[in-house]
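In what follows, a single structure is set out as structure tokens and then discussed.
The values are calculated or read from the model by the stated rules, or taken from the named source; none is laboratory data. Remember, it's a predicted structure, so these values are computed and weren't measured experimentally. Virtual Cβ from ideal backbone geometry, glycine too; neighbours counted across all protein chains shown. These accessible areas exclude ligands, DNA and RNA; they are computed on the full protein's heavy atoms, side chains included. Shrake-Rupley method; radii C 1.70, N 1.55, O 1.52, S 1.80 Å.
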Amino acid sequence: MSPSAVSTPPVTVLGLGPMGRAMAGAYLDAGHRVTVWNRTASRADDLVARGAVRAATVEEALAASEVVVLSLTDYAAMYTVLEPAAPALAGRVLVNLSSDTPERAREGAAWAARHGARHLTGGVQTPPSGIGSAEFDTFYSGPRDLFEQYEDVLKVLTGTDYRGEDPGLAALYYQLQMDLFWTTLTAWLHMLALADANGIKPSEITPYAAGTLGGMEQFLDFYTPRIEAGQHSGDVERISMAVASLDHVVHTARDSGVDPDLPAAVLRTFRRAAAESGEEDSLTRLFEVFGRGAAA
């Protein structure tokens with residue numbers, strides 16, 4: 001077998017939404033023989049025109065490649081697609097890049113093993129436009145030997161960030177990023193609505209938003225060692241300051257005719273921390289408040 005055949009093994013991609021199509025395209029660009037399958041077969045048309053092979057059935061798609069990349073909605077979709085073809089899973093390497101919870105990833109890996117397949121969990125940290133670029137990373141977890149064996153194949157899609165043997169770790173790291181991403185993006189949209197209600201265009205305020213977000217790194221770097229040490233003294237800022245500040249945001253939104261529910265929900269959390277831990281502690285006390293679960 002030639003060196004090029006070793007470095008560019010055949011790859012099957014199941015699921016041709018925007019992400020799956022981008023992945024299949026990246027493998028084609030890298031010289032892999034790519035087999036694709038999607039419930040709506042026409043989604044493969046452009047890939048077939050570029051040289052991909054359209055499988056008529058899931059079984060045919062599985063038989064075409066040892067490495068099978070799953071780009072599906074979630075793990076329930078994986079079962080829907082693969083369970084009818086379960087006998088064809090033996091010997092396959094399932095690189096599951098579908099989003100879901102850590103526990104469902106663990107269950108999926110165990111399910112794959114029962115059918116003779118090996119499973120790598122992945123959490124992709126880029127939209128489809130970033131597929132094929134080493135500037136972005138994908139979290140991976142599962143058997144280390146499996147990850148190392150196929151790392152070059154995985155790097156066709158993005159950079160790789162291996163998190164450990166536990167199949168749930170990649171999903172966990174991904175969901176942690178989503179926790180921050182969606183919360184932050186929602187806050188930005190609320191900011192735009194509040195600005196717009198006061199005659200300020202999104203293009204006018206967004207540069208200031210970008211500056212605020214860019215400055216967050218210094219806060220993260222400062223507070224992280226304190227949080228790990230359990231140090232929440234209010235020597236830099238205090239919960240009482242945060243409560244007063246966000247109360248002003250809530251009233252500004254209400255006075256502007258903008259839905260105040262988002263900042264009001266955060267304000268309720270601040271007040272809970274103040275009640276449970278004292279107003280003179282740092283806002284980082286929320287780390288422990290969140291860890292105790294939902295308020296009664």
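Each of Ile239, Ile205 has its accessible area taken with a 1.4 Å probe; listed largest first, they run Ile205, Ile239. Simple spin-label estimate for Thr101 and Thr224 gives 2.8 nm between the two label positions (7 Å along the Cα-to-Cβ direction from each Cα).
Against the chain, whose longest principal axis is taken from its Cα atoms, helix 168-197 shows a tilt of about 50°.
Could you order His115, His232, His251 by accessible surface area, starting with the largest, using a probe radius of 1.4 Å?
Values: His115 65, His232 5, His251 85 Å².
Correct descending sequence by accessible area is His251, His115, His232.
If the Kirkwood radius is taken over C-alpha pairs of region 21-119, then at 10 °C and 1.306 mPa s the Stokes-Einstein diffusion coefficient equals 115 µm²/s. In this simple spin-label model, placing a label point 7 Å from the Cα along the Cα-to-Cβ direction at both Arg114 and Glu165 gives a separation of 2.2 nm.
Only protein heavy atoms count here; under a 1.4 Å probe, Lys201 has an accessible surface of about 130 Å².
Could you report region 181-296's accessible area per residue, 1.4 Å probe, as an integer in Å²?
64 Å²
Give me the percent of DSSP beta bridges within region 70-221 that run antiparallel, rounded to the nearest 5. Let's see the in-between values first.
Working: 4 of 15 bridges.
For region 70-221, the DSSP antiparallel bridge percentage is about 25.
Note on Phe287/Arg144: beta-carbon distance plugged into 1/(1 + (r/R0)^6) with R0 of 22 Å gives a FRET efficiency of 0.10. When the surface is traced with a 1.4 Å probe over the full set of protein chains, Arg292 keeps roughly 130 Å² accessible. A Förster distance of 41 Å, applied to the separation of the beta-carbon atoms of Gln231 and Thr40, puts the FRET efficiency at 0.15. What is the helix-to-structure angle for 18-29, meaning the angle in degrees between its Cα long axis and the longest Cα principal axis of the chain, kept from 0 to 90 and rounded to the nearest 10? Computed tilt is about 50 degrees. In this structure Phe147 has an accessible area near 10 Å², from a 1.4 Å probe over the protein heavy atoms.
Restricting the calculation to alpha carbons of region 163-205 gives Rg and Dmax of 16.7, 52 angstrom.
Annotation for region 171-246 versus region 101-151: alpha-carbon center distance of 30 Å. A Gaussian network model of the chain, with springs between Cα atoms under 10 Å, assigns the largest mean-square fluctuation among Leu28, Leu220, Leu14 to Leu220. Count the net charge of all other residues whose Cβ sits under 11 Å from the Cβ of Gly132, scoring Lys and Arg as +1 and Asp and Glu as -1. Counting the neighbours of Gly132, the net charge comes to -1. Mean-square fluctuations from a GNM of the chain, with a 10 angstrom spring cutoff on Cα atoms, peak among Asp255, Asp29, Asp179 at Asp255. Within region 190-229, name every residue whose backbone N is under 18 Å away from a label modeled 7 Å from Cα of Ala265 along the Cβ vector. It comes to 190-194, nothing else.
Taking 2.2 N^0.38 Å as the expected size of a compact globular protein, what ratio does the Cα radius of gyration of region 146-217 give against it, to two decimals?
On the way: Rg = 18.6 Å, N = 72, 2.2 N^0.38 = 11.2 Å.
The value comes to 1.66.
Taking all Cα-Cα distances within region 190-296, those exceeding 23 Å account for 38%.
Comparing Asp161, Asp221, Asp100 in a Gaussian network model of the chain (Cα springs below 10 Å), the most mobile by mean-square fluctuation is Asp221.
Counting only Cα atoms, the chain measures 68, 43, 35 Å along its principal axes, largest extent leading.
Counting DSSP beta bridges in the chain, what percent are antiparallel, to the nearest 5? The partial results should precede the final answer.
Details: 5 of 29 bridges.
Around 15 percent of the beta bridges assigned by DSSP in the chain are antiparallel ones.
Loop-located GluC sites (Glu not before Pro) in region 95-178 (DSSP state other than H, G, I, E, B) with a sparse environment of at most 15 neighbouring Cβ atoms within 10 Å: Glu165. For the chain, the longest principal axis of the C-alpha atoms and the axis of helix 216-228 are separated by about 90°.
For region 22-64, the list of trypsin sites (Lys or Arg not before Pro) that fall in a loop by DSSP and count at most 16 other C-beta atoms within 10 angstrom reads Arg39, Arg50. If the Kirkwood radius is taken over C-alpha pairs of region 47-200, then at 37 °C and 0.692 mPa s the Stokes-Einstein diffusion coefficient equals 195 µm²/s.
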